[in-house]
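Since every read-out is calculated from the coordinates, none of them should be taken as a lab result. Because the structure is a prediction, the values reported are computed rather than measured. Positions of Cβ are generated from backbone atoms using ideal geometry, with glycine treated the same way; all protein chains shown enter the neighbour counts.
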Amino acid sequence: MSPFGLLPMRAWASLFSQVLRPSGLVCIREVHFHSQVSEAVLTSQLKPHQEKSNFIIKTPKGTRDLSPQQMVVREKILDMVVGCFKRHGAKRLDTPAFELKEMLTEKYGEDSGLIYDLKDQGGELLSLRYDLTVPFARYLAMYKVKKMKRYQVGKVWRRESPTIVQGRYREFCQCDFDIAGQFDPMIPDAECLKIMCEILSGLQLGDFLIKVNDRRILDGMLAVCGVPESKFHAICTSIDKLDKISWNDVRHEMVAKKGLAPEVADRIGDYVQCHGGVSLVEEMFQDSRLSQNKQALEGLGDLKLLFEYLTLFGIAEKISFDLSLARGLDYYTGVIYEAVLLQTPAQAEESFNVGSVAAGGRYDGLVGMFDPRGHKVPCVGLSIGVERIFAILEQRMKTSGQKIRTTETQVFVATPQKNFLHERLKLISELWDAGIKAELLYKNNPKLLTQLHYCEQMGIPLVVIIGEQELKEGVIKLRSVASREEVAIKRENLVAEIQKTLSES
Amino acid sequence: MAERAAVEELVRLQGERVRVLKQQKASAEQIEEEVAKLLKLKAQLGPDEGKQKFVLKTPKGTRDYSPRQMAVREKVFDVIISCFKRHGAEVIDTPVFELKETLTGKYGEDSKLIYDLKDQGGELLSLRYDLTVPFARYLAMNKLTNIKRYHIAKVYRRDNPAMTRGRYREFYQCDFDIAGQFDPMIPDAECLKIMCEILSSLQIGDFLVKVNDRRILDGMFAICGVPDSKFRTICSSVDKLDKVSWEEVKNEMVGEKGLAPEVADRIGDYVQQHGGVSLVEELLQDPELSQNKQALEGLGDLKLLFEYLTLFGIADKISFDLSLARGLDYYTGVIYEAVLLQTPVRAGEEPLGVGSVAAGGRYDGLVGMFDPKGRKVPCVGLSIGVERIFSIVEQRLEALEEKVRTTETQVLVASAQKKLLEERLKLVSELWDAGIKAELLYKKNPKLLNQLQYCEEAGIPLVAIIGEQELKDGVIKLRSVASREEVDVRREDLVEEIKRRTSQPLCIC
C-alpha cells in the first residue's frame, strides 16, 4: 500500500505527471520542429523512473500483427489458394476497405450490429466491409456486369463479441471465388466445389468433407413438417447447431425456446439427421411428404444434377448431402456448402476444432438489391477460411520444430579482414545487379565468425569471402555454409559460378 | 399531407437541378453534392419511395481495381517485391486500424487527415495513415532492436482527392525499412540502391533521386537567421521550389510568413543549389555553414553516403539538393525523394520533375516515442509511391497497345458437337488435376465458334476440342488459337503436350 492511499504508486506518479506536465507537450513534435531542440526536450521529459505515458502499446482488440515467420505460412496458403483460382480462369478484383454505409445496410440480417462504422467526420457515412460478397454484388451492379468469374483476396472486419470462440478475430483475411452470370444449371456450382476440393487437398490439411444442402430443400422441408413461416429463420439457426450439439439438445431448443410443436420437431428430426451421397437425393425424391413440395423438388433436382457433375470431376466421394446444413447468411437462394476437416483422434484430443474451413453457395438475388431496376445477376461462389487454415498450419509447424526461413537470401558477402567495406559494397552491388539475392552486415569491420553465424541463423546457403589474399590473386572464395567447403573462383566468373551453384542445389 | 406535398415538390425541384447540372457537365463534386441533397429529401418521403435509396459508387477518393488494373498492379508489385527480397528483407503485416492514441501526435498538421472509427463502445480506433508509425509501434511492442522488413498495404488519408493526378484517400504504399544501430550510412546507401533498382526495373523513364539532410536544413536555417519558431513553416515554403520559382517562394516567406528579406536572400543562396559530391565538398568549406555543428554532421554523412553510392554504381542518379525539405516531421537525418524526368522540351533545357514516385529518409527518434523507457531504435527507409506508377505503367501499355491478359488460362476445353458436356467436364478436370490452367464454357451445348471467340477475347492460347469422331479414335484436337493450326493428340498424351507447349513463361507485358 502506497503512502498516498489506495492507488498504487505508479498511478499516482502518472497522475502527477499529467497535472504537472504543461498541456501540449504530450507530443513533443507539435511544439518544436528543430530536431536538436526536440531531442533536448525529449530527453529532459524522460526520467528513467518515470513512465512516458499511460498508453499501452498494443494492436486493437481482435487484431494482430503477423511476424515474418507467420507471413511465410500465410503466403504459402495464399499462393496455393490463388494458384487454384487462377487455374480455373478467374480474374482478380479489388474493392475499397470501406463502403458507403448504405451499401452494407440490410444485407447481413442479425449480423448488421457487427459492422464497424467510421466516424462521421462531415463527409459520407462509411463502414468497413463485412465480407467480399456484398462489395462484389455492388461492383456488378455498378458497372452493369452480366458475367464474371472473379476472385478477391482481402481483409474484412467484424466487431465480434470477445467472448466468442477463442481465435475469432475482428480483422481477418478472406479468399473469395465467385461466378456471376446466367448459365446452364449447376456447372458453375460444380466447379466451385471442385475448387474447394483442390484447395483443401493441396494444403494437405488431412481428410475433409464437404456438406451440401439447398435453401429450397430446407425451406420445403420446414414447410412440409409444419413449421410456420415466421419461425423458418429461427428454426434454421437451431438446426445449424447439429454439427456441434446432439439432436436432443437441438430438439429441446426448438420446442422449449422457440415454441415449436413437438410433433413438428420430430418430423424435422426425421430429415435433418440424414446425410449421404446421391442415393439420399434419390430417396428424398421418393419421400411422400417432400415430393409434394415444389421448392424441395427443384432443389433435389439440382442436387441430383450437381452430383452427376461432381462424379465427372472425380470428387463425389468427398461430398455429403446433409440436411442439417443451414448456414447463416440470408442471401443464399440455392445450393449451399461447407467444408469441414475430419479430425484424427489425436487432433480431437488437442481439441483443435476449427469448425468449417470453407463455405459458400448460390445467391441469385443479391445483385438485384443493388441494381436500380432490380435486374438480377445469378451468382454462386465460395470463401476460404484462411485464418482457420492458418492456425492449423502454424500449429503444425510449431510442433514439427521445422525451421522456417523468413528471407530468400542466396549469398552473403563477407570478409575476414578490416578495411574491406568498399570491396564488399562493390561486390554485393555486382550480385544485386545480376539479380542474385545477397546481403552483407552493416558493419565497417565485422568479424568473420559473426558473419558466418548470421548466415547459419538466417539459413543463407552461400558465402563469398573477399580478403587481401584473394584480392591479390584476383579470386573470390565461394563457400557452402552447410558443408563448409570452399572453392576459389576467378573474380570475373563469380556471378556465373554462383548462378550455376544455385541452380544445381 | 400538405407537408408531404411540399417535400415532394422540393424533390421535384432538386431533381431538376441535378438534371441541369449534369446537362451542363458541372463538376463531379457539385453534382454529387446536389444528388446527396436530393436523396435526403427523398428519404423524408419514407421507405415506399422507390427501391433505390442510394447511388452506386465507391466512397469518395477510393476506387475499385478492375481485373485489368489488377494485372498491372501485380506486375508492378512483382518487380518491387523481388527487389526487396533480393536485399534480404522479411515481410510483416499489421492491422488496418490502430488505437487512436498510437497515431496521435505523430503526423503534425496532417493529423486532421486521419480517418477515425466511430465510437461504438469499445476502443477508439483510427485507420493507419502510413506504414512507418505501425512499424515503429511493432518494433517497440516486440522490443526488437534490429530488423530489415518490407510491408505492402493500403493506407488511408482524408485528403482532398485528385484522382486524375493519382491522389486517393485509400492507396497502396510499399515500404522498406532497416531498423537497428549500425555503422553509419551503409543501410542508408542500400535504401537508395533499392530505390534505383526498382525505378530502373519498372522502366518508367529516367529518374533522379534528390538527397538532403535534416541537420543540414536546420543548420542552414539557423545560420541564415531563421527564428526557431518559423523553421517548419519556412521548410514548407522551401519544399515548393520543385514546383514554383524562387521568386514566388521568397514572396511567400517574406510576404506571408513574415521572414526578413535578408534572411530570405541568404536562404536563396543555398537552396537553389544542387549537385553531386562536389557540392558537399563545397559546403564543407562554406565559411558560415561550417560553423554549424549540425550542418557539419549532415554534410559529413552525405560525403560518406556518396562514397558508398559510387561503389554501388548509382552516384550519377543522385543529386544533393538543398531545396529538398520533405513533409513528415519524424525525419532526423538523410532524406531523399525520387522524381521522374520528363524529356526536355528543347535541347539544353533542364528536365523538369513531374512529381515524386518514391521517398524516404532516416528517422531515429520514432521508435523511442513508443517505448516506455524511450529506448531508441534508429531507422532508415523508403516508400514507393505505387499509385502513380500504376497509372504510368497502364498508360505505357496502352500506348504500346499491349494486350494485358486478365487471366492466365492456357487451354479452353471445347466441344464441336452437342451432348458432349460430360466429356468436357471429365477432360477439364483431368487438366486441372495436372496443374494446367483450363476453362470451359458453362453451357451444355455451346457453339464451337463462340468457344473460339471466347479464347480470342481472353487471350487463351490453346483449345482442346472434343468431337464424336475423335472420341472414337481416342484423340483430342489441340488447336493453337493464334495460328489456327490443329493437331490430333492422343488422349493419354494430351497433358504432356500441353505442358510442353506452354513451358515458355507467359509474357503478360
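Under the classification rounded if a/c is under 1.5, otherwise prolate if a/b is larger than b/c and oblate if not, where does the stretch B:411-503 fall, given a ≥ b ≥ c as square roots of the Cα gyration tensor eigenvalues?
rounded
Per residue of A:417-428, how many C-beta atoms from partner chains lie within 10 Å of its own C-beta, taken as a mean?
Neighbouring Cβ atoms belonging to other protein chains average 3 per residue here.
Determine the distance separating the Cα centre of the stretch B:288-307 from the Cα centre of the stretch B:408-481; give it in Å without decimals. Centre-to-centre distance over Cα atoms comes out at 68 Å. Here the stretch B:161-212 is treated as a Stokes sphere of Kirkwood radius computed over C-alpha pairs; at 25 °C and 0.890 mPa s its diffusion coefficient rounds to 179 µm²/s. Ordering A:Glu110, B:Glu281 from the fewest to the most neighbouring beta carbons within 10 Å gives A:Glu110, B:Glu281.
Report the local net charge at B:Phe97: Lys and Arg +1, Asp and Glu -1, summed over other residues whose C-beta lies under 10 Å from its C-beta.
Net local charge, B:Phe97 excluded: -1.
Report, in deg cm²/dmol and to the nearest 500, the calculated mean residue ellipticity at 222 nm for chain A, where each DSSP H run with n ≥ 4 adds -39500 (n - 2.57) and the sum is divided by the residue count.
After summing the helix terms and dividing by the residues of chain A, the value is -12000 deg cm²/dmol.
If R0 equals 22 Å, the separation of the Cβ atoms of A:Lys244 and A:Asp207 corresponds to a calculated FRET efficiency of about 0.70. Over the stretch A:411-504, the ratio between the Cα radius of gyration and 2.2 N^0.38 Å evaluates to 0.97. If you take all other residues with their beta carbon under 15 Å from the beta carbon of A:Gly435, and give Lys and Arg +1 and Asp and Glu -1, the sum is -2.
Relative to the longest principal axis of the Cα atoms of chain A, the long axis of helix A:9-20 lies at roughly 80 degrees. Per the Debye calculation on the stretch A:256-307 with a single equal scatterer at every Cα and no solvent contribution, log₁₀ I(q)/I(0) for q = 0.21, 0.23, 0.25, 0.26 Å⁻¹ amounts to -0.81, -0.90, -0.99, -1.03. Between the helical axis of B:28-44 and the longest alpha-carbon principal axis of chain B there is an angle of about 70 degrees. Shape verdict for the protein assembly as shown, please, from the Cα gyration tensor: rounded (a/c under 1.5), prolate (a/b greater than b/c) or oblate. Cα axes put the protein assembly as shown in the prolate bin. Put simply, the Cα atoms of the stretch A:72-175 extend 42, 40, 25 Å along their principal axes, the longest span coming first. Per residue of peptide B:442-453, the mean number of Cβ atoms on other chains within 10 Å of the residue Cβ is 2.
What separates the Cα centres of the stretch A:284-302 and the stretch A:356-384 is a distance of 24 Å.
Could you please tell me the mean projected area of the C-alpha convex hull for chain B, averaged over all directions and given in square nanometres to one decimal?
Mean shadow area of the hull around the Cα atoms is 35.6 nm².
Distance distribution note for the stretch A:183-297: the fraction of Cα pairs above 16 angstrom is 66%. Solvent-free Debye calculation, one equal scatterer per alpha-carbon of the stretch B:1-45: log10 I(q)/I(0) at 0.20, 0.25, 0.28, 0.34 Å⁻¹ equals -0.59, -0.80, -0.92, -1.14. Shown for B:Lys25, B:Lys243: other C-beta atoms within 10 Å of each C-beta, ranked fewest to most, produce the order B:Lys25, B:Lys243.
Between the stretch A:63-108 and the stretch A:444-505, the C-alpha centres lie 40 angstrom from each other. How many percent of the alpha carbon pairs in the stretch A:68-400 exceed a separation of 34 Å? Percent of Cα pairs beyond 34 Å in the stretch A:68-400: 24. Neighbours of B:Leu494 by Cβ distance under 14 Å: Lys/Arg scored +1, Asp/Glu scored -1, total -2.
All alpha carbon pair distances within the stretch B:352-509 were sorted into 5 Å bins beginning at 0; the resulting P(r) in whole percents reads 2, 8, 14, 15, 12, 8, 6, 6, 6, 6, 6, 5, 4, 3, 1, 0, 0.
Peptide A:120-126 is shielded by partner chain Cβ atoms: per residue, an average of 4 of them sit within 10 Å of its Cβ. Against chain A, whose longest principal axis comes from its Cα atoms, helix A:421-433 is set at around 30 degrees. Rounded, prolate or oblate: pick one for the stretch B:409-463, where a ≥ b ≥ c are the square roots of the eigenvalues of its C-alpha gyration tensor, a/c under 1.5 means rounded, and failing that, prolate if a/b is larger than b/c, else oblate. Since a/c reaches 1.5 but b/c is at least a/b, the shape of the stretch B:409-463 is classed as oblate. Neighbour counts of C-beta atoms inside 10 Å place A:Trp157, B:Trp246 in the sequence B:Trp246, A:Trp157, starting with the fewest. In the stretch B:115-169, the C-alpha radius of gyration followed by the widest Cα-Cα span (Dmax) gives 14.8, 42 angstrom.
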